[in-house]
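Where a number appears in this text, it was derived from the coordinates with a stated rule and is not lab data. Predicted model, so just to flag it, every value in this text is computed and none were measured. Please note: Cβ atoms are built from the backbone with ideal geometry, for glycine as well, and neighbour counts cover all protein chains shown.
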Amino acid sequence: MECKVKNYRFKELVDGILSIIPKNTEAVKDDIKDNLKILLNDYLRKIDVVTREEFDVQREVLLKTRKKLEDLEDKLNK
């Protein structure tokens, strides 16, 4: 299963967990890796974590909205 959250820290976390599993268990290691990705993705979704891209898009929308609001307030105050 492909990881939905493309993040270096996320991959680092999964790799760190996998590093403590004995090396002679590659088949089990692959299953654990897939399950870890699923569990971590589900957990991140439950705590409403957004990607950096989503955050940046919403930030831009908010900045534009704030600018429009300031312009309208200026017009009302004149």
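What the table shows:
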read-out	value
Qualifying residue in region 34-55 (condition: over 16 Å from the mean Cα position of the chain (by Cα) and among the basic types (Lys, Arg))	no
Pairs, first closer than 17 Å to Arg9 by Cα in region 21-44, second surrounded by fewer than 11 Cβ atoms within 10 Å (Cβ to Cβ), C-beta under 7 Å, six or more apart	Asp34/Met1; Lys37/Met1; Ile38/Met1
Pairs, first without any contact (Cβ under 8 Å) to a residue 24 or more places away in the chain in region 45-67, second part of a helix (DSSP H, G or I) and of a type outside the set (Lys, Arg), C-beta under 8 Å, six or more apart	Val50/Gln58
Per-region count, region 43-58, residues surrounded by 10 or more Cβ atoms within 10 Å (Cβ to Cβ) and in a helix (DSSP H, G or I)	8
Test: Lys11 is surrounded by 10 or more Cβ atoms within 10 Å (Cβ to Cβ) and within 16 Å of the chain's Cα centre (by Cα)	yes
